[in-house]
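Here's the structure we're looking at; comments come further down.
The values are calculated or read from the model by the stated rules, or taken from the named source; none is laboratory data. All values reported here derive from a predicted model rather than from experimental measurement. As a convention, Cβ positions derive from the backbone with ideal geometry for all residues, glycine included, and neighbour counts pool all protein chains shown.
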Amino acid sequence: MRLMRILFSTLLVLMACASFAQLSRKEKRAARKDQSSQPTTLDPAGDQPTSAPKQSKKKAKSTGTTYNSQKEFEERMAAKGKTYRRNEKMLMTPQYANPAYFGHKRPPKKRPANKMKFCKECGIRH
């Protein structure tokens, strides 16, 4: 009889634990949130956020271009033109204009066919 009571109480405890363990943590949290976010007589709106857009504080007024910004722009354009002219001048040197240079600073040596070496710079045997 005593053994029967112990077995019965153990079985009840195990069944209660098994049924409680069926809910996951996420479901428990969701159940708690659902209960707290429901509207009540004290808080009829609940915790629902308002969908009104946020208003910006003050907008900075643009006064247009200033004298300093215009002057800086002209200086940048002048410097850019100067670099373009310098680059064009460099392209006129034989290193860039003459195809015999193959991108070398000085023209490569012309060796006989049996003594030609592979050039790492241009990828050609000369």
(1) in a loop (DSSP other than H, G, I, E, B); (2) at negative phi all hold for T83 apart from (1)
| said: Looking for something at pLDDT 90 or above and either assigned to a loop (DSSP other than H, G, I, E, B) or surrounded by 10 or more Cβ atoms within 10 Å (Cβ to Cβ) (or both) - is there at least one such residue anywhere in region 31-41? | reply: no
A careful count of residues in region 112-126 that are over 47 Å from the mean Cα position of the chain (by Cα) and loosely packed, with under 10 Cβ neighbours inside 10 Å gives 4
Can you spot a residue in region 56-70 that is part of a loop (DSSP other than H, G, I, E, B) and modelled with pLDDT of 80 or more? yes
